[in-house]
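Step one of this worksheet: look at the structure below.
The values are calculated or read from the model by the stated rules, or taken from the named source; none is laboratory data. It should be emphasised that the depicted structure is a prediction, and the values quoted were computed from it without experimental measurement. With ideal geometry, Cβ positions are generated from the backbone for all residues, glycine too; neighbour counts draw on all protein chains shown. For the accessible areas, the whole protein counts, side chains as well, though only heavy atoms, and no ligand, DNA or RNA atoms are used. Shrake-Rupley method; radii C 1.70, N 1.55, O 1.52, S 1.80 Å.
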2 protein chains.
Amino acid sequence: MPYSLDPKRFVQHVGAWLQGAGPDSDVVVSCRVRLARNVEGYPFVLRLEDEKARELATRVRDVLVEQHIDGETIWVGMEEATPIVKLLLRERYLVSRDLAPNDPRLATRPGRGVAFGENETLAVMVNEEDHLRLQALCSGFQLAEAWALAERGDDELGESLEFAFAEEMGYLTACPTNVGTGMRASVLIHLPALVLTKQIDKVLKSVMQVGLAVRGLYGEGSDVMGNLFQLSNQTTLGHSEQESVESLDRVTRQILDYEERARDVMLRDAKTQIADKVWRAYGSLRYGRSMASQEVINLCSALRLGVALGFAGLPPLSTINQLLVLTQPAHLMRNAGRALEAPERNVLRADLVRAHLERANSETGPGGRG
Amino acid sequence: MPYSLDPKRFVQHVGAWLQGAGPDSDVVVSCRVRLARNVEGYPFVLRLEDEKARELATRVRDVLVEQHIDGETIWVGMEEATPIVKLLLRERYLVSRDLAPNDPRLATRPGRGVAFGENETLAVMVNEEDHLRLQALCSGFQLAEAWALAERGDDELGESLEFAFAEEMGYLTACPTNVGTGMRASVLIHLPALVLTKQIDKVLKSVMQVGLAVRGLYGEGSDVMGNLFQLSNQTTLGHSEQESVESLDRVTRQILDYEERARDVMLRDAKTQIADKVWRAYGSLRYGRSMASQEVINLCSALRLGVALGFAGLPPLSTINQLLVLTQPAHLMRNAGRALEAPERNVLRADLVRAHLERANSETGPGGRG
């Protein structure tokens, strides 16, 4: 039985890219590189007939699962997936809203699915906008590593599948904005000090002026929550992948620098207020009995800042990252084994947060007995 | 050396009436009976010459200290008291704002002072509005006991001092509203459920209609903080002390009953919200790094409600009562041994709250190691 069907798997572990490790992980949560690919000999997804879509999915799935692209690799077909599993995969950033829409009544087109490894470091969506959408995720500020991972996955897939490619253009994609490299590289970056010191608008404006896109935690169109921003490259034509990655890397390093300077100023001028904010957030998470998802994300932002500032006694980044994922609605429902309305979810969410913080405290905290 | 001069005394202990014991102490914090008396042969305070005021103070002081009215008894003269000590005494409800005004530049009239016992159960202000203002304080709903204590103190003083008394009127006092019994009985009552369920205005209106007065935590003109209300009798003429005490007792019992019914309804209909509110208050107190006095009082109100509702793991009422007193400005300054501005007080206040809650937790809490 593939491990994806173990109901406990997704609610006790998160992807390796959320372990809170890697360089500058106190500011940069993670880096992601996504590649769009289409397979020669099949029409683009929009014009792909159901039969062909299924055939392509089977071919790709077999390649992916056999290649162990990321350790033991599993396949989840969207036709078979329950609404909760679809949302679960979205909450883990393994599939897009397009592949797994909110509304369970929206019929799922045949041949759609996702393959991913046990570490969730590599994932490949099949028959989303393009035939293949491969993503590589790394913890911390490791953009080059994420690119190397994606490239390796791309090469491995390329051994078994011939990709649509034109000498003049590069990779051919369903949407013209992806033609060329088919690559989007992005970083998930935590900028609480720039937000608190009201410099964020200025900084984001300058990011957009150099051609990068800024989004919230959950991608295009999502609100900014928990002071978490996604920066990504926009252009796929006229630059090599290397150039795009290096450009994003450079800008990220600059913003990281601004953020760290803003943190230093805050520590110098308002240490008490910051400590108070951080520790009260911890107090609410540690003792609250009902909590909305968005509130957890915002309180975790304060905790993350506290850890970055070196406040002793807070949970490690890995716990904070876990909470962001494990407290999402589908994760709570998967854990409970049934559908839950919001008020019930809020109670179970608070229970889960308390349990994780108590465990972290007993393992590493100053009052620990672990 | 009298113990009052020990700088640690006032910052490590509170009066016995704050021990959180006694009947219905989950609703009624304390009961107080105050008697106004004037000594035959001296003009009322307003017309009392300085020389005479000093003479009277000396006489009364000697009687009080010798009689051990409440265990070891000490005298604090307002002329000698520093501004911090004056405020400290006010914060402990041992003197009034009139006896110890805020503004240190206001010259203190001679012969003013206060005597109180080591338990702070009995205290006598001298040359406030009347020559003597005796108060007896009891923990919990023990109005009859407070009256008995006051009466005993009154009798003991009456053995050495002759009080101004007229057969037709009763005790003569500076202000006509006190003539007769000279007594004011009051209860300090915690009514969070009536406030949360928005029934409080109706209840207080009915209290005032039966001739009782309603005030905030710090007496006349003070705001209601922490859902703590002082109810007291208004009339001193035409009723015996016994009748006044019984009437206040009856009304208090009625309100206590309303409050308990409101708590039952809240527990039935909104247990999660109440638990969340209580535990988040605990989280803020347990981890905050800067806290205004008013906020501590309000957060302690939630804790007090949680204890009353039987939530396990909260600090005992005695700790909550202690915090109300020990976190006041003069107590913090006495503890620090110097004057402190508000921002510094807020930090030390949060430190003190954390220390008390950690101690309570290690002694009695579920995660205790005590």
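Some observations on this one:
- Some residue of the range B:155-164 being open to solvent by less than 30 Å² (accessible area, probe 1.4 Å) and under 19 Å from the mean Cα position of the chain (by Cα): no
- Among (1) under 27 Å from A:THR177 (Cα atoms); (2) open to solvent by 60 Å² or more (accessible area, probe 1.4 Å); (3) among the aromatic types (Phe, Trp, Tyr) - the single one A:PHE229 does not satisfy: (2)
- Taken together, the residues in the range B:35-62 that are hydroxyl-bearing (Ser, Thr, Tyr) and in a helix (DSSP H, G or I) amount to 1.
- Selected residue (criterion: most open to solvent (accessible area, probe 1.4 Å)) from residues of the range B:90-119 that are under 21 Å from B:GLY216 (Cβ atoms) and under 14 Å from the mean Cα position of the chain (by Cα): B:ARG97
Listed here are the residues, each with its yes/no results for (1) in contact (Cβ under 8 Å) with a residue 24 or more places away in the chain; (2) buried (at least 17 other Cβ atoms within 10 Å of the Cβ); (3) within 19 Å of the chain's Cα centre (by Cα).
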{"site": "A:CYS300", "(1), (2), (3)": "yes, yes, yes"}
{"site": "A:VAL307", "(1), (2), (3)": "yes, yes, no"}
{"site": "A:GLY313", "(1), (2), (3)": "yes, no, no"}
{"site": "A:PRO329", "(1), (2), (3)": "yes, yes, yes"}
{"site": "A:ARG338", "(1), (2), (3)": "no, no, no"}
{"site": "A:LEU348", "(1), (2), (3)": "no, yes, no"}
{"site": "A:GLU358", "(1), (2), (3)": "yes, no, no"}
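- Verdict on B:VAL265 being open to solvent by 20 Å² or more (accessible area, probe 1.4 Å), of a type in the set (Val, Ile, Thr) and assigned to a helix (DSSP H, G or I): yes
- Residue-level check: of (1) within 14 Å of chain A (Cβ to nearest Cβ); (2) open to solvent by less than 50 Å² (accessible area, probe 1.4 Å), B:LEU323 misses just (1).
- Just so you know, in the range B:268-300 the residues that are among the charged types (D, E, K, R) and facing chain A (nearest Cβ under 7 Å) include one that is farthest from A:ARG280 (Cα to Cα), and it is B:ASP276.
- Only listed residue being modelled with pLDDT under 90 and either open to solvent by 50 Å² or more (accessible area, probe 1.4 Å) or in a strand (DSSP E or B) (or both), chosen from B:VAL76, B:VAL14, B:VAL65: B:VAL65
- When restricted to residues that are out of contact with any strand residue (DSSP E or B) (no Cβ under 8 Å at 6 or more places or on another chain) and among the aliphatic types (A, V, I, L, M), the range A:47-80 contains 3.
Here's the yes/no breakdown for (1) surrounded by 20 or more Cβ atoms within 10 Å (Cβ to Cβ); (2) touching a Ser or Thr at 6+ places or on another chain (Cβ under 7 Å); (3) closer than 23 Å to B:GLY226 by Cα; (4) outside the structural domain of B:ASN127 (by TED's automatic domain parsing):
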residue	(1), (2), (3), (4)
B:GLN19	no, yes, yes, no
B:VAL27	yes, no, yes, no
B:ARG32	yes, yes, yes, no
B:LEU35	yes, no, no, no
B:GLU51	no, no, no, no
B:LEU56	yes, no, no, no
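- Contact annotation: residue pairs with Cβ atoms under 9 Å, 6 or more positions apart or on different chains, pairing a residue in the range B:265-280 that is of a type in the set (S, T, N, Q) with a partner that is surrounded by fewer than 18 Cβ atoms within 10 Å (Cβ to Cβ), are B:THR272/A:PRO343.
- Only one entry in B:ALA146, B:ALA174 is within 19 Å of B:GLU246 (Cβ to Cβ), touching a residue at least 12 places away in the same chain (Cβ under 8 Å) and of a type outside the set (Val, Ile, Thr), namely B:ALA146.
- Lone unmet requirement of (1) part of a loop (DSSP other than H, G, I, E, B); (2) at pLDDT 95 or above for A:LYS277: (1)
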